[in-house]
Structures are given as C-alpha cells and as structure tokens.
Amino acid sequence: MPGMIPQAAPPLRIARFREEIDAMVARVLSGPSYILGELVSAFEAAFAETAGVAHCVGVASGTDALALALRALGIGPGDEVLLPALTFAGTAQAILHCGASPVFVEVDQATRCIDPAAAEGAIGPRTAAVVPVHLFGHPAAMPALMALADRHRLAVVEDCAQSHSAALGDRALGSFGHAAAYSFYPTKNLGGIGDGGAVVTADPALAERLRRLRHYGFAGGERVSGGIGFNSRLDEIQAAMLLALLPHLAEGNAERRASAARYRELLDGTGIGLPPEGAGSVYHQFAITVPDRDGLKRRLDAAGIGTAVHYAPGLHRHPAFAEGARTPLPVTDALAGSLLSLPIQPEVATGHEARIAGTIRECLRCAG
Ligand SMILES: Cc1ncc(COP(=O)(O)O)c(C=O)c1O
C-alpha cells in the first residue's frame with residue numbers, strides 16, 4: 001500500500017519553515033522578556049495589518065479571544081448570544097465563560113454558516129450579540145448579518161478561528177464585526193506549536209479594554225487592577241512562531257485553493273456534496289458530504305487516507321449547551337451526519353489529490 005496520508009500534520013508545516021522559525025525562536029530565548037515582550041507586539045502589529053483592522057490583542061487561545069471580546073463588548077449574565085450549532089465547542093464555551101447563554105441558530109445549507117433569516121427569527125428580548133462562524137474558511141453572510149445587528153442593536157464578534165486572511169469580495173473577514181476572534185491552534189491556517197489566539201478590532205477603546213482583560217485588569221504599566229482581569233496572554237514563543245509563519249500564510253492559502261480546485265475536478269460526477277465555492281474562501285477544511293459518511297471514513301482509513309469529522313453532534317446536542325436548543329435544526333443535523341473533511345493542509349494534500357479522489361471513487365463503487 002502507498003504511504004499513509006494523514007488528515008493533517010502540523011509538524012510537517014513546522015519542518016518546511018524550520019530555518020525561519022529557529023531564527024525567530026532564538027530571539028525569544030535570549031530575552032529580555034518572556035511575557036508580553038517585543039515579539040508579541042511585533043506580531044500584533046503585523047497581524048492587524050493582515051486582518052485589515054487597526055488593532056490586534058494577542059491572547060491565550062481562540063476560546064479566550066471570543067470570551068474576552070464578548071466581555072469587552074459588555075456581554076454578560078442575562079444576555080443571550082446567537083451562534084450556529086455547526087461549529088467547534090469552543091465557540092459556545094466562550095459564551096458560557098462570560099456568563100451569557102448560547103442560543104443556536106440554523107445554518108444555511110449551501111454555505112454551512114449561520115442563516116441570517118433564521119438568526120432574525122431567533123432574536124428575543126434578551127438577545128445581545130451574534131457570533132457568526134466562517135466555517136471551514138468560507139465567509140458567513142456578513143452584510144446581511146451586520147444589517148440585522150444594526151436593526152436590533154446587537155454586538156457582532158466574528159469567529160475567524162478557521163478563516164485567517166479570508167475575504168468576502170474585496171473586504172477581509174474579521175473587519176465586518178465589532179471584533180473578530182482568531183485561534184492559532186496548530187492545525188489552523190496560521191498555527192503555532194501550542195495554544196494562542198487574538199482579537200482584532202477597529203475600535204481603540206475596545207482594544208484597550210481587551211489589553212486590560214488579558215492581563216489582570218492592569219492599565220498601562222501599573223500593576224493595579226482596575227477591574228476583573230485574567231491571565232490570558234499570547235506567549236513570546238507562539239508569537240515568534242507566528243511571526244515566522246505569517247509571511248507564508250497567503251502562499252499556504254493559495255495552495256489550499258489549488259487543492260480544492262483539483263478535488264472539485266476529480267470528484268465531479270460522483271454525486272458527492274462539495275463545499276461552497278468562493279474566491280475569498282481559505283479552505284481551512286475541504287469538507288464533502290456523503291450519506292454513508294462513517295462507512296466511507298472507515299474504508300478510507302483502511303486505504304491509508306486520513307479524514308476527520310467536523311462537527312458531530314451539533315452543539316445543540318451537547319449536554320453543556322442543551323438550554324440553547326430552542327428549535328429543531330434539521331439542516332445542522334443532516335450536515336453533522338454527513339460531513340467528512342479530506343486532507344487539505346498543503347504539506348499533506350498537495351500532489352496527492354488524485355490518489356485521494358481515486359480512492360474515494362473506488363470506495364463508493366465498492367459500497368454501491
Ligand atoms: C470555529 C472555532 N471556534 C473556536 C475555536 C477555539 O479555538 P482554541 O482551540 O484556540 O481555543 C476553534 C478551534 O479550535 C474553532 O475551530
């Protein structure tokens with residue numbers, strides 16, 4: 001059997017850019033500062049520019065980025081926050097972390113992102129915010145969502161954990177909402193070798209509140225807590241990794257788009273459901289839909305091709321979030337039962353699309 005193709009392999013990405021990473025990490029080791037030092041500041045400036053917004057505040061994870069952004073926007077106990085149920089658990093956990101209640105909204109069948117009409121229908125007297133997730137790197141319907149947020153005076157925090165440098169038309173995702181949250185978990189399009197996250201915003205006062213929240217409530221250089229604060233800082237080592245990898249983000253996203261285009265050609269005519277097309281998508285995942293998803297996954301595993309399920313069950317079916325399930329979510333349930341993410345990280349997928357698609361065709365023939 002030819003070699004195993006993993007669904008994702010962050011160490012291969014690190015190996016590819018190892019020289020640049022080593023040089024940047026060496027700068028951290030020689031000091032002078034291991035916490036909130038010069039590389040965190042340098043990364044924040046560089047990432048704000050990439051994200052198309054004025055301010056970036058590095059934090060400890062994507063979940064913290066969402067929770068701190070919501071808190072900085074005044075979301076707290078008694079508030080309800082709308083979000084899609086088809087996302088990673090961290091999106092809803094962040095809402096619980098700031099004392100608010102997640103309320104799940106149906107997704108659009110084509111984009112797999114929150115459906116603006118369903119979001120409008122879910123608004124009640126306690127609704128205070130909405131968290132659209134750009135799932136798998138594809139843009140949610142931001143113009144419609146921002147119009148709805150304006151009409152109902154809702155705060156908007158974009159969950160950009162899977163959409164680094166993605167765009168809708170000529171506008172960067174992350175620049176639509178009042179704030180946007182990023183994760184730098186190792187498998188992300190821009191990922192470190194541990195946990196990390198960031199919030200971006202155009203609002204300088206919001207950025208200042210976030211800087212206090214991530215660092216014990218301290219303002220400026222004083223070690224005096226002006227209010228509640230946490231220890232949630234991006235660390236210097238992760239900042240060094242991210243600074244070394246950021247110049248390669250656009251190239252990596254282009255490679256993902258090229259692999260996606262190959263998969264589309266190669267899987268044409270199979271009846272498999274393909275991801276939505278969009279020039280601004282950055283294909284964090286290339287997730288197909290098939291009725292016998294678990295069977296196909298097993299057969300691909302046996303043939304040496306790694307795949308992953310994102311996300312099953314939908315969050316409305318997790319015990320921690322059960323109160324947020326207000327209406328049936330048939331589209332979410334159907335997608336949760338049929339989505340299968342193929343390898344798309346450039347270091348594992350590029351050049352192997354034909355073998356992967358050919359094996360999928362064989363598996364479907366055998367099963368049929
Ligand atoms: C859509 C989404 N939101 C939030 C998170 C949470 O990020 P983290 O794992 O960095 O806390 C992730 C990923 O891990 C994610 O994919």
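The values are calculated or read from the model by the stated rules, or taken from the named source; none is laboratory data. If you're wondering where the values come from, they're calculated on a predicted model, not measured in any experiment. Glycine also receives a Cβ, built like all others from the backbone with ideal geometry; neighbour counts cover every protein chain displayed. Side chains are part of the model used for accessible areas, which takes the heavy atoms of the whole protein and leaves out ligands, DNA and RNA. Shrake-Rupley method; radii C 1.70, N 1.55, O 1.52, S 1.80 Å.
Provide the percentage of antiparallel DSSP beta bridges, counting only those with both residues in the chain; round to the nearest 5. The answer is about 60 percent antiparallel. The orientation-averaged shadow of the Cα convex hull for the stretch 1-49, equal to a quarter of the hull surface, comes to 5.4 nm².
What is the distance in Å between the Cα centres of the stretch 1-43 and the stretch 53-107? Centre-to-centre distance over Cα atoms comes out at 28 Å. Here the convex hull built on the C-alpha positions of the stretch 248-367 has a volume of 132 cubic angstrom per residue. Accessible surface comparison of 233, 299, probe 1.4 Å, protein chains only, largest first: the order is 299, 233. Scanning the chain for long hydrophobic helices, with DSSP H runs required to stretch 24 angstrom or more by C-alpha along their axis and to average at least -1.0 on the Kyte-Doolittle scale, returns 249-267.
With an a/c value of 1.5 or above and a/b not larger than b/c for the gyration tensor axes a ≥ b ≥ c computed over the alpha-carbon atoms, the chain is described as oblate. For the set 14, 35, solvent exposure ranked by accessible area (probe 1.4 Å, protein chains only) runs largest to smallest as 35, 14.
Name the residue farthest towards the positive end of the dipole of the chain from the options 124, 65, 101, assuming +1 on Cβ of Lys and Arg, -1 on Cβ of Asp and Glu, about the Cα centre. Of the options given, the answer is 101. Rolling a 1.4 Å probe over the protein heavy atoms leaves residue 212 with an accessible area of roughly 100 Å². Amide H contacts under 5 Å for residue 36: 236, restricted to partners 5 or more places along the chain or on a different chain, H placed in the peptide plane at 1.01 Å from N. Only helices enter this figure: runs of n ≥ 4 DSSP H residues, each worth -39500 (n - 2.57), summed and divided by the residues of the chain, yield -12000 deg cm²/dmol at 222 nm to the nearest 500. Among the GluC sites (Glu not before Pro) found in the stretch 228-305, those both in a DSSP coil and sparsely packed, with 12 or fewer other Cβ atoms within 10 Å of their Cβ, are 277. Report the net charge of residues surrounding residue 316, where surrounding means a beta-carbon distance below 9 angstrom and charges are Lys +1, Arg +1, Asp -1, Glu -1. Combined, the nearby Lys, Arg, Asp and Glu give +1. Using equal-weight Cα scatterers in the Debye expression, the normalised intensity of the stretch 116-252 in log10 at q = 0.19 Å⁻¹ is -1.17.
Phi-derived couplings, Karplus 6.51 cos²θ - 1.76 cosθ + 1.60 at θ = phi - 60°, listed residue by residue for the stretch 316-329: 5, 9, 7, x, 4, 10, 4, 5, x, 8, 9, 9, x, 10 Hz, with x used for Gly and Pro. Available extension along the chain between residue 205 and residue 334 is 42.3 nm, counting 0.36 nm per residue and deducting the alpha carbon span. Shown is the FRET efficiency for residue 16 and residue 218, computed with R0 = 56 Å from the Cβ-Cβ distance and rounded to the nearest 0.05: 0.90.
Protein heavy-atom surface of the chain, 1.4 angstrom probe: 55% of the accessible area is carbon and sulfur, with nucleic acids and ligands not counted. Accessible area per residue for the chain, computed on protein heavy atoms with a 1.4 Å probe, is 40 Å². Anisotropy class assigned to the stretch 47-137 is oblate, per the alpha carbon gyration tensor with a/c at or over the 1.5 cut-off and a/b no larger than b/c.
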